[in-house]
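The numbers here are math on the coordinates, done by the rules we state, and not lab data. Just so it is clear, the model here is predicted, and its values are computed rather than measured. All Cβ positions, even for glycine, are placed from backbone atoms using ideal geometry, and neighbour counts span all protein chains on display.
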Amino acid sequence: MTEQIADKALNLFRNSLDCRLKRGLMKEQQYIEVPQHAPPPAEPAYATSPGEPWMSIPVGRDCPQGLEYLTVLDELLVSQKIQEVGQVRNPFKVKNSLGQNLYYAYEESNMLSRTMMQQLRPFEMKVLDNFQNEVLHVNRPMRCDLFCCFPNCSSILEVSAPPGQIIGTVEKVCFFMKPKFLIKNSFGDVMMNIEGSVSGPWKCCKDIDMKVFSVNNEEIGKITKNWSGPAKEMFSDADYFSVTFPLNLDVRMKALLFAAVFLVNILLYEN
């Protein structure tokens with residue numbers, strides 16, 4: 001009788017242990033990747049088209065929440081959508097090399113500044129994920145820029161991730177024919193610089209590269225303005241960019257290079 005009770009207790013213990021192991025295995029599998037099949041709760045005017053594929057979110061990465069995509073990528077494709085009447089200002093789609101959506105971005109600025117100041121206007125750019133969470137915030141404060149060689153006059157982007165926590169800046173360097181931008185961390189240290197060619201944005205009918213250099217003057221990536229054909233180039237402001245960087249680059253530096261596209265686009269290609 002005592003042996004039967006002991007056997008039953010042992011079987012109960014084994015069953016309980018098996019259940020715990022199965023639950024642990026399920027949690028481990030869920031930790032590896034979180035699929036983005038769930039649609040956002042509402043479909044605002046600035047959302048991507050229904051049915052477009054989204055990349056699954058890598059999880060368990062040491063980075064600001066929302067930037068997990070950047071930890072496993074070495075290239076971003078940024079396309080500016082053609083703006084229609086009633087739409088938000090400057091909508092952008094961000095995809096990986098497979099064409100899967102990563103983020104959606106749009107500009108917040110007032111009509112007066114866009115009309116009167118145009119390329120000199122201050123603005124805020126919001127970068128959203130598939131669930132409409134703001135994961136990156138880009139702020140361009142008011143700068144005169146007409147006297148860019150004077151301190152505190154040149155264009156600058158302040159980049160936050162998550163919004164409210166600045167991770168660095170993108171700053172335009174005074175130039176005449178050769179565009180140059182500095183990437184700085186949150187402490188104001190120069191981490192990278194972006195340099196265009198002497199002919200800069202005036203090249204026609206071909207892709208235009210701006211090289212990215214480390215502090216050791218080593219080329220580590222580039223921002224490319226992709227030629228989109230004569231019709232779109234002549235009759236719209238919709239531009240296409242690709243950004244490449246080392247896979248092991250700090251995710252915050254990747255985010256700053258991505259944000260640099262907005263400043264490059266406005267200063268060099270918006271008309």
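What to note about this one:
- Relative protection proxy for 167-174, 189-196, from highest mean packing down: 167-174, 189-196 (other beta-carbon atoms within 10 angstrom).
- Summarising the amide proton neighbourhood of Val173: residues at separation of 5 or more, or on other chains, whose placed amide H is nearer than 5 Å comprise Lys180, Phe181, Leu182.
- By the count of neighbouring beta-carbon atoms within 10 Å, fewest first, Leu182, Leu102 end up ordered Leu182, Leu102.
- By the count of neighbouring beta-carbon atoms within 10 Å, fewest first, Phe131, Phe123 end up ordered Phe131, Phe123.
- Ranked list, fewest to most other Cβ atoms within 10 Å of each Cβ, for Trp54, Trp227: Trp227, Trp54
- Amide proton proximity set for Glu108, modelled H, under 5 Å, gap of 5+: Glu124, Met125, Lys126
- Pairs exceeding 19 Å between alpha-carbon atoms, taken from Lys126/Lys222; Lys95/Lys184; Lys211/Lys254; Lys95/Lys211; Lys184/Lys222: Lys126/Lys222; Lys95/Lys184; Lys95/Lys211.
- Once backbone amide H atoms are built at 1.01 Å from N, Leu136 has Val127 as its partners under 5 Å, excluding neighbours fewer than 5 places away on the same chain.
- Under 15 Å, Cβ to Cβ, from Glu219 - net charge with Lys/Arg +1 and Asp/Glu -1: -1
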